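Read the structure below first, then the notes.
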Amino acid sequence: MTDLESIFTNLSTAATKEDRDLITRAYECAKTAHKDHMRRSGEPYLTHLVAVAKTLAEIGMGPKTIAAGLLHDTIEDTDVTPEEIKEQFGDEVLFLVEGVTKLGSVRYHGVDRHNESLRKLFVATSQEIRVLMVKLADRLHNMQTLEYVPKEKQKRIAQETLEIYVPVAHRLGMGRFRKELEDLAFPYVYPEEYAHVKQVAGGHLKHALETLEKLRKTLQKKLAEAGIKDFKTSSRVKGMYSLFRKLEQRDWDIDKIYDLLAIRVVVPTVEDCYHIFGIVHELWRPLPHRVKDYIAFPEPNGYQSLHTTVIAQDRTILEVQIRTEDMHKNAEFGVASHLVYKQTQSGDKSALAQYRAWAGSLIPSLFYSSFWRWSRKPVSGSAEKNKESIPQWIQEIAAAHQESANTERFVTDLRQDFFSQRIFIFTPEGDVVDLPVGATPIDFAYAIHTDIGDHIAGAKVNNKLVHIDTALRNGDIVEIITRPSSRPTAKWLSFTKTALARRRIRIALGEIAEKKA
Ligand code: MN
């Protein structure tokens with residue numbers, strides 16, 4: 001198969017001749033521009049660009065993103081100029097390539113750089129989520145070929161992957177990226193722990209694939225006997241890194257890990273899911289308290305599925321996961337599965353509605369503090385924020401867009417729905433708070449903690465002193481200066497954009513009483 005064929009086989013069936021032409025031209029341009037470059041593996045540089053483009057096609061990205069994938073290293077590493085890209089491929093492709101190029105200079109060196117990387121990643125993502133998709137695909141191939149990188153650099157790159165890209169992929173619900181990236185990074189970042197996991201799990205994993213295959217066939221037969229016609233089954237062994245994290249929580253006792261082996265059943269409808277759930281419990285005895293209904297109660301990143309742990313033949317314990325095709329795509333590709341390229345000119349309301357439902361379920365957890373569990377320090381007062389349900393602004397946007405279900409605007413809608421109404425503001429420690437456009441340091445202070453809001457005396461934005469009514473900008477680093485004697489005034493109400501800050505100011509002014517929790 002030629003390079004281009006390998007990209008096209010993964011392309012959406014809706015792709016037109018123009019789409020293929022665009023990708024072909026980008027391929028030819030990349031081929032010429034990088035003709036003298038080699039990867040460290042000794043392969044032509046082009047193999048890297050094709051790998052990135054293939055991944056992007058596989059996760060359902062459109063032709064412009066795929067073209068940007070092919071061109072993502074041109075501006076930085078070749079003679080190709082931004083003007084040429086603009087002329088040949090248009091503004092959008094140029095915007096994407098430049099977005100990736102800017103992110104390219106992010107390097108991980110200690111905590112400060114770590115925070116800087118996160119900040120850049122978020123600012124870039126908030127402008128265009130497709131930039132992040134290219135960056136993730138780029139990182140995936142760099143991790144797949146990490147063995148060729150000089151030893152002293154391997155650990156740094158792997159660590160950056162584990163600490164930055166993995167959590168981002170996870171929060172965007174991109175399960176496949178997450179798993180692959182963390183398993184590729186694991187042996188480089190924690191070589192001793194990796195060896196330990198292999199040793200502890202070795203015996204259990206030895207016949208795992210055979211056992212799983214046997215059990216999968218048993219289940220398949222049972223489902224067919226029950227008259228279920230439309231279903232797909234697959235099996236998986238838990239990734240080494242996620243096994244490591246679980247072993248740490250379970251005193252390194254492999255017998256306490258119940259989802260080492262799993263069988264997945266994918267069916268057309270939600271009713272089918274519950275039906276099959278019953279059949280599974282008839283076939284194999286479920287373990288008590290191990291039934292999880294993530295369909296009725298989705299995980300914070302939008303993950304949906306039914307899980308149950310059962311004891312099968314030979315006392316093998318395994319997890320059975322049951323979900324619909326949509327849920328499955330969502331689990332594998334998350335946000336990308338909602339960006340799926342559509343060529344139809346007539347609007348596709350269901351896709352848009354589906355996206356909104358998904359975005360609605362995702363956003364509170366994505367941008368509130370749970371996202372930062374893994375960052376150095378939790379934002380204080382986070383419990384307060386977690387209590388808030390789906391933000392008002394999402395509901396407003398959803399209502400406003402009800403009429404304009406034009407699929408041509410799908411990506412634009414995503415960008416706007418998702419990000420353009422919000423700005424991401426960072427604490428000096430690198431924690432992020434999302435606020436509405438036009439928010440001021442007062443809003444920021446109250447978002448962090450009531451006490452900080454109540455005593456705000458000034459603020460530093462990007463290290464410069466500003467007045468507390470200054471409108472913040474996306475990506476600003478804000479430090480709040482407090483003074484015990486400082487108290488809210490009625491004037492503050494006109495300097496705020498968030499309901500939370502207004503309510504807190506009113507309480508401090510004695511206008512309204514504080515609700516007892
Ligand atoms: Mn690259």
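Where a number appears in this text, it was derived from the coordinates with a stated rule and is not lab data. None of these values were measured; they are calculated from a predicted model. Quick reminder, even Gly has a Cβ in these numbers, built from the backbone with ideal geometry, and neighbours come from all protein chains shown.
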| Inter-probe distance in nm under a simple model that places probes 7 Å from Cα toward Cβ, at Ser12 and Lys221 | 4.2
| request: Would you mind counting up the charge near Gln249? Only other residues with Cβ under 13 Å from its Cβ, with Lys and Arg at +1 and Asp and Glu at -1. | output: 0
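Length gain on complete extension for the stretch Leu493 to Phe297, per 0.36 nm per residue less the alpha carbon to alpha carbon distance?
Details: separation 196, 0.36 × 196 = 70.56 nm, distance 3.72 nm.
Here the answer is 66.8 nm.
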| message | If you take every DSSP beta bridge fully contained in region 194-331, what fraction is antiparallel? Give it as a percent rounded to 5. | response | 75
| query | Roughly speaking, what is the centre-to-centre gap between region 433-450 and region 223-259 when only Cα atoms are used, to the nearest Å? | reply | 42
| query | For labels at Glu192 and Tyr274 in the simple 7 Å Cα→Cβ model, what's the distance in nm? | reply | 5.1
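Please report Thr13, Thr81 as a ranked list, fewest other C-beta atoms within 10 angstrom at the top and most at the bottom.
Arranged by neighbour count, lowest to highest, Thr13, Thr81 become Thr13, Thr81.
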| Summed side-chain charge close to Arg25 - residues other than Arg25 whose Cβ falls under 13 Å, Lys, Arg +1, Asp, Glu -1 | -2
| Label points 7 Å out from Cα along the Cβ direction at Glu325 and Asp79: separation in nm? | 4.9
| message | Taking 25 Å as R0, compute the FRET efficiency from the Cβ-Cβ separation of His207 and Glu147 and round it to 0.05. | response | 0.35
| message | Sort 313-326, 43-56 by the packing proxy (mean of other Cβ within 10 Å over each peptide's residues), most packed first. | response | 43-56, 313-326
| task | Using per-residue counts of other Cβ atoms within 10 Å, averaged over each peptide, order 23-30, 195-202 from highest down. | result | 23-30, 195-202
